[in-house]
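To start, the structure itself, in structure tokens.
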Amino acid sequence: MRRVFIDDQGAVRNGWRILEFAVLLGVVGFGTSPLTRLWPAAWQGLLPGHWFDVAICLGVTWLCVRTEGTCLAEVGLRFNRRFFLEVALGSLGGFALMLATAALIHGSGAFHWVRTPGTGPTDLVKGAWFFLAVACFEELLFRGYAFQRAVRGLGFAAAQIVFALTFAWVHWDNPGMVGATKAWATLNIALASLLLAFCWRRTGSLALPIGVHLGWNWTQGNLLGFGVSGTEAPGWWTPVFHGRPEWLTGGAFGLEASAVCALVCGAALLGLWRWKGAVPSGGSSTASGS
């Protein structure tokens, strides 16, 4: 019976570690949910509700690593100069991915941009702050403790598949997830998950995936004016479509529902696959007890 819970090295099996994280996240999230209703509306600009989610997920991650006798640095959260530099570099990478996708679609004559009236630099800054919270939360949730324990137990490739499918699946309730849009968006969101996990794999840090995630969402929405996973984000520019099919443009869902995005993500994935970075100590592809 003991072997059900303990592996050959005398450590708690990774599957139970993941369950511990999920249960704690559910309990803490449910227990603190009344606080979100007390969140003053006036605070939303300075502290969007997603920062509350970040705090919960970070706290649960800390509790889980403490039960292992380690610290947040072990899951790729080393808040030093390199960490913030990688966030900045990742943001440029996400910016480049979305700009390349939009430029290729624009080159096909599928849309043109018009300047959005009433938007200014403040809107860009607010958008970056909001999407930073989204990126931190989703990377902690999908590339953080649980994912890394799955890598230990299943190996990197299998964990990638499981979490990429899960990441795509949780977006199925987003607006516009129907028909061909749902198919292309599911593919591209899964590819984005693979790309973000490779960013962690190559650096041993969550900084690069947080940055890429931030740059991806902010560029797509607040700068270029496309939808972000089906959610409207007022942009500095507004695309005016020319009636081309949504599998090309992504339509109201955003660039993530475009076939062009799949090509760009595929090229970025190939580059990350060929790039030999630093494999994190917690991410051995050799499966241990799950």
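The values are calculated or read from the model by the stated rules, or taken from the named source; none is laboratory data. Computed from a predicted structure; not experimentally measured. Virtual Cβ from ideal backbone geometry, glycine too; neighbours counted across all protein chains shown.
Here is how the numbers come out for the structure above:
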read-out: Scope the stretch 105-151; condition closer than 16 Å to C64 by Cα and either surrounded by fewer than 21 Cβ atoms within 10 Å (Cβ to Cβ) or at pLDDT below 95 (or both); matching residues; value: F142
read-out: All positions within the stretch 46-101 that are among the basic types (K, R) and either buried (at least 17 other Cβ atoms within 10 Å of the Cβ) or farther than 21 Å from W16 by Cβ (or both); value: R78, R81, R82
read-out: Close pairs (6 angstrom Cβ cut-off, 6 or more residues apart or separate chains): small (G, A, S) in the stretch 190-204, in a helix (DSSP H, G or I) anywhere; value: A190/A164; A190/A168; S193/A164; S193/F167; A197/Q160
read-out: Yes/no for E256 being out of contact with any Gly (no Cβ under 6 Å at 6 or more places or on another chain), crowded, with 22+ Cβ neighbours inside 10 Å and touching a residue at least 60 places away in the same chain (Cβ under 8 Å); value: yes
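So that you can scan it fast, the table gives a plain yes or no per residue for (1) within 11 Å of the chain's Cα centre (by Cα); (2) β-branched (V, I, T):
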{"site": "A180", "(1), (2)": "no, no"}
{"site": "T186", "(1), (2)": "no, yes"}
{"site": "A190", "(1), (2)": "yes, no"}
{"site": "A197", "(1), (2)": "yes, no"}
{"site": "R201", "(1), (2)": "no, no"}
{"site": "G204", "(1), (2)": "no, no"}
{"site": "L214", "(1), (2)": "yes, no"}
{"site": "T219", "(1), (2)": "no, yes"}
{"site": "F226", "(1), (2)": "no, no"}
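Residues checked against (1) touching a Gly at 6+ places or on another chain (Cβ under 8 Å); (2) within 17 Å of N217 (Cβ to Cβ); (3) in contact (Cβ under 8 Å) with a residue 24 or more places away in the chain:
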| residue | (1), (2), (3) |
| --- | --- |
| R115 | no, no, yes |
| D123 | no, yes, yes |
| G127 | yes, yes, yes |
| A146 | no, no, yes |
| G155 | no, no, yes |
| F163 | no, no, yes |
| P175 | yes, yes, yes |
| T181 | yes, no, yes |
